[in-house]
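Okay, so here's the structure we're looking at.
Readers should treat all values here as calculations from the given coordinates under stated rules, not as data from a laboratory. No experiment lies behind these values; they were computed from the predicted model shown. Neighbour counts are summed over all protein chains in view; Cβ atoms, including those assigned to glycine, are modelled from backbone coordinates with ideal geometry.
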Amino acid sequence: MTVRQVIGRRRETTSKQERGVQRRKKLVEATRHFLETQDPQEVSFREIAKHAGVPEGSAYHFFANKYDLFSALAAEIGEKFAQQAAQPLDDVHLSSWQDFVTLLIDQSVSIYRADPVARKVLLGATMPNEVRKTDQKSVHAYAETVRAQFHELFEMPKVTTFTQRLIYALIIIDAIFELHLRSHENLDDGIVDEAKFAMIGYLSNFLPPVLEPRVKS
């Protein structure tokens, strides 16, 4: 085999990989398109593939079914939450850890309120276990980010399995939001306040009322 043939095969492989990445992206985007106006149970895999311009047979090479696509969306949206939580807080005045929790919830609510797909995929009561498992992975990554922020902002006491405590707190507020959305189109101020009370109240079992701010070197 000549050098030219080897290079040609590499280019062909790279081209196929790039085409696969683009098709996968188009399928996820098409799924979001339908979920913006339809309930998850109304969306079909065939419609998604057709809208994405991907042959249905080829689409199955990337995703097993529509719920696999919902899982991909859940991971994508979960990454958005984690990125937001990791943003520097140099210009934000926080007088207490309770203020920090309030800020985190307000940030999350801003995403949920603006994105009906996030509400359906992450808080929808009809989502199957495989989608919820993806969401749980995102929650764990988000909790790790929040734990790091706590240690950066405050002089933290030793809290056994603090990341796990944060995961439990996040599951609690998600449950509150999910229950609320069964009878409401979006999250209102009253239920957001309830979520803040719940998360602060739960974490108060493990954190003192006052945490000293960490002095930055």
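Look at the range 40-54: where a residue is in contact (Cβ under 8 Å) with a residue 12 or more places away in the chain and a partner is surrounded by 20 or more Cβ atoms within 10 Å (Cβ to Cβ) and part of a loop (DSSP other than H, G, I, E, B), sitting 6+ places away or on another chain with Cβ atoms under 7 Å, you get PRO40/GLY124; PRO40/MET127.
Within the range 51-66, being over 13 Å from LYS26 (Cα atoms) and buried (at least 17 other Cβ atoms within 10 Å of the Cβ) holds for one residue alone: LYS66.
Residue pairs whose Cβ atoms lie under 6 Å apart, separated by 6 or more positions or on different chains, with the first residue in the range 195-217 and closer than 15 Å to LYS158 by Cα and the second part of a loop (DSSP other than H, G, I, E, B) and among the β-branched types (Val, Ile, Thr), are PHE206/VAL159.
Among the residues of the range 114-164, just one is within 25 Å of LEU187 (Cα to Cα), free of Cβ contacts under 8 Å to residues at least 40 places away in the same chain, polar (S, T, N, Q) and touching a helix residue (DSSP H, G or I) at 6+ places or on another chain (Cβ under 9 Å), namely GLN136.
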